[in-house]
Every structure is written in structure tokens, then in C-alpha cells.
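Let me begin by presenting the structure, written as C-alpha cells, before commenting on it.
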Amino acid sequence: MQTVDLVGNVTSVIGQPLSIFSKTRYILAMPGPYYCLTCGRKEEECKCDRFCGICQNDYNVRLCADGNYYCKECRDACEYEAQS
Ligand SMILES: [Zn+2]
Ligand SMILES: [Zn+2]
């Protein structure tokens with residue numbers, strides 16, 4: 001009896017914050033506009049040298065929410081979203 005109650009409580013406690021978390025995450029992942037950390041401009045207007053802030057790659061880099069550029073591989077790995 002005690003084991004059943006414990007499992008039920010744990011499930012409801014875990015279930016609640018998780019659904020809130022995924023909702024918050026969805027809002028945070030909404031695309032741009034993002035601003036370049038170096039020059040403060042939008043990606044279209046930014047004239048900075050663009051390279052990935054993680055691996056220094058300059059192929060397929062996009063501006064992400066934190067104002068840095070990241071290549072596709074690193075964006076995928078870190079789940080960064082480029083603006084649309
Ligand atoms: Zn810039
Ligand atoms: Zn990279």
C-alpha cells in the first residue's frame with residue numbers, strides 16, 4: 001500500500017513541472033529577431049566575420065539567441081535555434 005502511494009506521488013510531482021518546463025522552453029525557442037553580440041545589429045545587417053563560437057567553423061553559421069554565431073552541427077548539438 002505504501003509503495004503504491006509513493007509511486008503515485010512521484011509520478012504526479014514529476015509530471016507537473018515537466019509539462020511547464022516544455023511549455024517555457026517552447027516560448028524561449030521562438031525564433032528571433034536576434035542581435036549580434038559584437039555589433040548589436042540584426043543578422044541581416046551584421047557585417048562581422050561570422051564563425052561558430054564553439055568550433056570556429058565558418059560554414060553555415062547562423063546567429064542564435066545569445067548573440068553569437070554557431071554552425072549547424074553545434075546548433076544541433078546544443079539545440080540552439082537560428083531565427084527564421
Ligand atoms: Zn555583428
Ligand atoms: Zn560549430
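Where a number appears in this text, it was derived from the coordinates with a stated rule and is not lab data. As the structure is a prediction and not an experimental result, all values here were calculated from the model. Here the Cβ positions follow ideal geometry from the backbone for every residue, glycine too, while neighbour counts run over all protein chains shown.
Approximating the spin labels as points 7 Å out from Cα along Cα→Cβ, the residue 37-to-residue 60 distance works out to 2.2 nm. Between residue 49 and residue 73, full extension at 0.36 nm per residue minus the direct alpha carbon distance yields a gain of 6.8 nm. When each of the peptides 62-69, 48-55, 35-42 is scored by how many other beta carbons lie within 10 Å of its residues on average, the order from highest to lowest is 62-69, 48-55, 35-42.
Show the residues, 5+ positions off or on another chain, whose built amide H is closer than 5 Å to the amide H of residue 54. Amide H neighbours of residue 54: 71.
Over 15 Å apart: what share of the alpha carbon pairs of segment 31-84 falls there, rounded to a whole percent?
Numbers: 508 of 1431 pairs.
Of all Cα-Cα distances in segment 31-84, 35 percent exceed 15 Å.
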